[in-house]
1. Would you be able to say whether some residue in region A:200-208 is over 26 Å from residue B:197 (Cβ atoms) and in contact with a strand residue (DSSP E or B) (Cβ under 9 Å, 6 or more places away or on another chain)?
2. Regarding region A:68-75, can at least one residue be identified that is within 14 Å of chain B (Cβ to nearest Cβ) and either without any contact (Cβ under 8 Å) to a residue 40 or more places away in the chain or surrounded by 20 or more Cβ atoms within 10 Å (Cβ to Cβ) (or both)?
3. For region A:171-191, state whether one or more residues are at the interface with chain B (Cβ under 8 Å from one of its Cβ atoms), surrounded by 24 or more Cβ atoms within 10 Å (Cβ to Cβ), more than 24 Å from residue B:250 (Cβ to Cβ) and at pLDDT 95 or above.
4. Has region B:326-343 got any residue that is under 17 Å from residue B:171 (Cα atoms), part of a helix (DSSP H, G or I) and more than 20 Å from the chain's Cα centre (by Cα)?
5. Anything in region A:294-315 that is surrounded by fewer than 24 Cβ atoms within 10 Å (Cβ to Cβ) and under 22 Å from residue A:182 (Cβ atoms)? List them, or say none.
6. Inside region A:217-274, can you point out the residues that are facing chain B (nearest Cβ under 9 Å), over 22 Å from residue A:338 (Cβ atoms), out of contact with any helix residue (DSSP H, G or I) (no Cβ under 6 Å at 6 or more places or on another chain) and part of a loop (DSSP other than H, G, I, E, B)?
7. Looking at region B:49-65, which of the residues that are more than 15 Å from the chain's Cα centre (by Cα) and assigned to a loop (DSSP other than H, G, I, E, B) is surrounded by the most Cβ atoms within 10 Å (Cβ to Cβ)?
8. Filter region B:78-91 for residues that are outside any loop (DSSP other than H, G, I, E, B) and under 17 Å from the mean Cα position of the chain (by Cα) and give the result.
């Protein structure tokens, strides 16, 4: 299945900060067919460094989407039955308006003049996309990590538009540890002289700072155990310690590779803005308590966490589940066993697929 | 109790890499009195960023030592009874020869011409210090984190010189996750243009890189729970989000402060060398298995870990304990409950002190 990225343009979006961004472009892909009653649409929400290319093979690069093991004919999100949409988030760098986009008022990239955005702003822009596709209600919103935050935000802020929400490996509010890891990444980028207060688009990007930020990220995405299984203390192409500061261990080589690879595909300023949106995310910001936040939610929920995920630990999912249960919402919860840490929602998908498939099946039958 | 730092000079030390370093200075402090039979000496081994000033009030700065809550009259390491020694490690920057020291052959700082060192090298230099103090056998070697690695190395490499070993919150070998966090710190330093291949002693140090390395460190020293208790999502001197990239959250302010503070007291090249020594540490390097490594050990062991320490998790201590028990060594183990994460061995010392006190009491009575 070859897929193309579409773009939609919208007049403006009013942001939580009070600023307005105009105009705004959204990059998105769709898979499957919207049915006549428009009751089979599912919005997939990507994580921090994801993009609109969730499934199929890209017509440009030939590469599979980031959740191709989960979206497609006969898969968890079955494109033989459902119309699946995925868009790049506001503030991103993969086709949707972000800090690397040209500010029409200046003819130059926004850079750090881009307004600070929130998860709520991302979702608000997604509602405009869904409107433009003529869809009133989504059968489901689903995503892992930051995608799960968006799924929660949808259920809370647009309750009448969401039949079911599937937040995976996520949280109702970023913890200080989660903020701290993001802050380290931001500081690494801003400490790089090539960052130049964000004005690097006509010269070279802050590659070293961005690579370090990504290295920290990758450590938090894996579990201690999966790192032991994948790397152990194996040396990289040598039989003894080098007794110097070149690469000794395979894990060092892996991190350096992942760091440098990321620089080619991601914008450092987007890193700053998107992590900030994650850190601001707290469903209790407006409502005071989580129970208040969920009070108007109408969706049924499937909450999934993974046993070895220490970046978004299960207790954060369980807090969501407890509050939903207490207020008599329809909620199913699975803590899936996995050694893969936070990455599990992307790579260890067999059980996750079964759970999602069953949940969507019953939702479609009973509620659509 | 006001204390002074002494220095001892040694002709040379032969390193695991094959290189020789000559001459070598060691900074150390002592507390209490050596008894006539020289049977009451305890060597305290400091962690990554520690120094020789473990206890008492510094005659220079007036500040208490890093383990002053644990070492002193009537404390866990009771200086009314024991003669306690602590020295700055080889490769350090607090008085013992390290990369910031002057290379007598060039008249310039060693910088990156300093040889790569190991935990074994640190301990070998400590044996020279102990020799110079006329002490044949140590009643105990004790330390947390990297200090615990040195305690284990003493027990394995100099079995006849150690009556008891107290490795705390440590491991018999650095795991890939532990290597990975160190590698991120090293890369952050080396990515800072001010690092200048290590030649910054006559200009400005790589302050931004070193601060970022330290920020990562501090996250790993705390637990998720202790960060929630200490910071939560509290904002720093503001009532609303700033919607900019200045400090929003208290946890951000704390990390930035700790990072910048560290730059004033620690040498970036020492960061590189000491973390490398940690990463090379693996008691099975020479012996093949942990059982072989411990085969000749004669010490009794007190192994301590902390429930919320995810940087040096309890399973690493338990591996040591299992191997020692299987081979019929004298070993006691305590996993102490604490919310403080890896920092617990420095800050949550009430129970730790009781356990150490009892262990030293019986060791001194039965074995000294």
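The values are calculated or read from the model by the stated rules, or taken from the named source; none is laboratory data. Source: prediction; values computed, not measured. Cβ atoms come from the backbone with ideal geometry, glycine included; neighbour counts cover every protein chain shown.
1. In the first step, residues of region A:200-208 are kept if they are over 26 Å from residue B:197 (Cβ atoms); the result is A:201-202.
This time we only want the ones that are in contact with a strand residue (DSSP E or B) (Cβ under 9 Å, 6 or more places away or on another chain), so: A:201-202.
Checked against the condition, which is being over 26 Å from residue B:197 (Cβ atoms) and in contact with a strand residue (DSSP E or B) (Cβ under 9 Å, 6 or more places away or on another chain), region A:200-208 yields at least one hit.
2. Filtering region A:68-75 down to residues within 14 Å of chain B (Cβ to nearest Cβ) leaves none.
Checked against the condition, which is being within 14 Å of chain B (Cβ to nearest Cβ) and either without any contact (Cβ under 8 Å) to a residue 40 or more places away in the chain or surrounded by 20 or more Cβ atoms within 10 Å (Cβ to Cβ) (or both), region A:68-75 yields no hits at all.
3. no
4. First, pick out the residues of region B:326-343 that are under 17 Å from residue B:171 (Cα atoms): B:331-336, B:341-343.
Of the ones still in play, those that are also part of a helix (DSSP H, G or I) are B:341-343.
Now narrow it down to the ones that are more than 20 Å from the chain's Cα centre (by Cα): none.
There is no residue in region B:326-343 that is under 17 Å from residue B:171 (Cα atoms), part of a helix (DSSP H, G or I) and more than 20 Å from the chain's Cα centre (by Cα).
5. Answer for region A:294-315, where residues must be surrounded by fewer than 24 Cβ atoms within 10 Å (Cβ to Cβ) and under 22 Å from residue A:182 (Cβ atoms): A:308, A:310, A:311, A:313, A:314, A:315.
6. A:233, A:242, A:243, A:244, A:245, A:248, listed by residue number.
7. Start the filter on region B:49-65 by keeping residues that are more than 15 Å from the chain's Cα centre (by Cα), which leaves B:56-64.
From the residues that got through so far, the ones that are assigned to a loop (DSSP other than H, G, I, E, B) too are B:56, B:59-63.
Details: B:56: 19, B:59: 11, B:60: 11, B:61: 8, B:62: 8, B:63: 11.
Ranking the qualifying residues of region B:49-65, first place goes to B:56.
8. Keep residues of region B:78-91 that are outside any loop (DSSP other than H, G, I, E, B), which gives B:78, B:83-87.
Matches in region B:78-91: B:84, B:85, B:86, B:87.
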